[in-house]
1. Considering only residues of segment 1-20 that are surrounded by fewer than 16 Cβ atoms within 10 Å (Cβ to Cβ) and either within 17 Å of residue 38 (Cα to Cα) or modelled with pLDDT under 90 (or both), which is farthest from the chain's Cα centre (by Cα)?
2. If you scan segment 3-41, which residues turn out to be in a helix (DSSP H, G or I) and in contact (Cβ under 8 Å) with a residue 12 or more places away in the chain?
């Protein structure tokens, strides 16, 4: 099972993109990151 790079939780699915430098994030961390990126603009 993959592990989230940010929170170290074992998750069923991970997400990555250029915003995370292609690290694998769980859906919660990934959503939080994208929310932060879109809100600060």
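The values are calculated or read from the model by the stated rules, or taken from the named source; none is laboratory data. All values reported here derive from a predicted model rather than from experimental measurement. Quick reminder, even Gly has a Cβ in these numbers, built from the backbone with ideal geometry, and neighbours come from all protein chains shown.
1. 18
2. Hits for segment 3-41 are 19, 20, 27, 28, 29, 30, 33, 34, 37.
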